[in-house]
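First the structure, in the form of structure tokens, and then the observations on it.
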Amino acid sequence: MIKAIIFDLDGVLVDGLNIHEDALLCALKENGFHITRDLHRRDYAHLPTTKKLFLMAEKGLIDKNKIDSISRRKQELTKELIKRNIKPLDNVIYTLEALHKEYKLAVASNCIKENCEQLMKTSKIYDSFDIILSNEDVSNPKPDPEMFIKAMDLLNIKPEECLILEDSEVGLKAAYKSGAYVMEVLNPYTLSSELIKKRVNFLNKL
């Protein structure tokens with residue numbers, strides 16, 4: 001019996017993927033490094049910023065001594081872009097309100113906590129969740145399943161009592177490794193309580 005639903009944030013509840021990408025590419029450029037959008041999406045998408053920068057440094061694409069300054073600037077730019085570009089999505093708000101009447105809800109995001117909370121508050125969904133986990137709450141972010149396992153522990157549920165909604169390859173890999181049931185989401189605009197409840201009802205009959 002499904003008792004809880006765990007959501008990824010970017011790409012599932014909030015349309016913020018381009019914001020993080022734009023902020024990082026701009027921060028890199030300001031520090032003298034040119035990483036193309038195609039290269040970023042192919043090799044680094046959906047990973048935490050610090051992880052991306054260390055991988056880039058290992059490949060000789062950036063100076064490792066610049067990682068801290070790039071990361072700080074990226075976070076500054078992200079905050080600015082969230083304020084300008086993130087808007088509440090009515091379908092997401094309605095979906096969470098409907099689901100929270102029946103299930104425990106959690107967010108598990110590879111964002112840093114400050115950005116995660118800002119995205120959720122700006123989207124007017126912050127109060128819909130029992131638990132919010134960021135990459136700062138675990139030792140190993142996605143694709144490691146630690147974040148999902150920790151969320152299930154805090155919710156006091158077993159993997160077979162949990163449904164995880166994810167959109168990215170990195171997130172899906174972590175979700176499947178956690179042992180929970182998984183539902184892939186195309187984007188926040190397709191989210192609906194009807195579709196999610198339909199999946200839950202199917203899982204409850206297994």
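Below 8 Å, C-alpha to C-alpha, sequence gap of six or more: please give me the relative contact order for the range 17-85 in percent.
43 percent
May I ask for the equivalent-ellipsoid semi-axes of the chain, computed as the square root of five times each C-alpha gyration tensor eigenvalue and listed largest first in whole Å? Could the numbers behind the result be given before it?
Numbers: eigenvalues 190, 65, 38 Å².
Semi-axis lengths for the chain are 31, 18, 14 Å.
Could you tell me the calculated FRET efficiency between Phe54 and Glu97, based on Cβ-Cβ distance and R0 = 35 angstrom, to the nearest 0.05?
Working: r = 39 Å, r/R0 = 1.13.
Taking R0 as 35 Å, the efficiency between Phe54 and Glu97 is 0.35.
What's the local net charge at Gly179, with K and R +1, D and E -1, over the other residues with C-beta under 12 Å away?
Numbers: positive: Lys158, Lys177; negative: Glu160, Glu161.
Overall, the nearby charge balance is 0.
Multiply the residue gap between Glu194 and Asn18 by 0.36 nm, knock off their C-alpha separation, and tell me the result in nm, one decimal place. If you can, show how the numbers build up before the last one.
Working: separation 176, 0.36 × 176 = 63.36 nm, distance 2.75 nm.
The span from Glu194 to Asn18 would gain 60.6 nm if fully extended.
Fewest Cβ neighbours within 10 Å first, please rank Asp130, Asp38 accordingly. All intermediate terms of the calculation are to be shown ahead of the outcome.
On the way: Asp130 14, Asp38 8.
Placing the least packed residue first, the sequence is Asp38, Asp130.
Can you pull the three principal axis extents for the Cα set of the range 17-85, in Å, largest first?
Computed over the Cα atoms, the extents are 33, 24, 18 Å.
So if I take the centroid of the Cα atoms in the range 1-79 and the same for the range 143-180, what is the distance between those two points in Å?
First find each Cα centre; the distance between them is then 22 Å.
Just to confirm the filter: which trypsin sites (Lys or Arg not before Pro) across the range 59-154 are DSSP coil and have at most 11 other Cβ within 10 angstrom of their Cβ?
Details: sites: Lys59, Lys64, Lys66, Arg72, Arg73, Lys74, Lys79, Lys83, Arg84, Lys101, Lys104, Lys113, Lys121, Lys124, Lys150; in loops: Lys59, Lys101, Lys124.
In loop regions of the range 59-154 (DSSP not H, G, I, E or B), the sparsely surrounded trypsin sites (Lys or Arg not before Pro) are Lys59, Lys101.
Mean-square fluctuation check for the chain, GNM, Cα pairs under 10 Å: which of Thr49, Thr190, Thr78 is largest?
Residue with maximal mean-square fluctuation among Thr49, Thr190, Thr78: Thr190.
In straight Cα distance, which lysines are under 23 Å from Lys87, not counting same-chain residues fewer than 8 positions off?
Leaving aside lysines fewer than 8 places away in the same chain, those within reach of Lys87 are Lys74, Lys79, Lys113, Lys121, Lys124.
Could you give the dipole magnitude of the chain about its Cα centre, charging the beta-carbon of Lys and Arg +1 and that of Asp and Glu -1, in debye to the nearest 20?
Working: 31 positive and 32 negative charges, 34 e Å.
Using Cβ point charges on Lys, Arg, Asp and Glu, the chain gives about 160 debye.
Who wins for biggest fluctuation among Cys111, Cys26, Cys162 in a Gaussian network model of the chain, springs between alpha carbons below 10 Å?
Of the options given, Cys26 has the highest mean-square fluctuation.
Under 4.7 Å Cβ to Cβ, no partner at all: give me those cysteines from the chain, in residue order.
So, Cys26, Cys162.
Coordinate-derived values only; no laboratory data. As the structure is a computational prediction, the values presented were derived from the model and not from experiment. Counting neighbours? That spans all protein chains shown, and the Cβs are built from the backbone with ideal geometry, glycine included.
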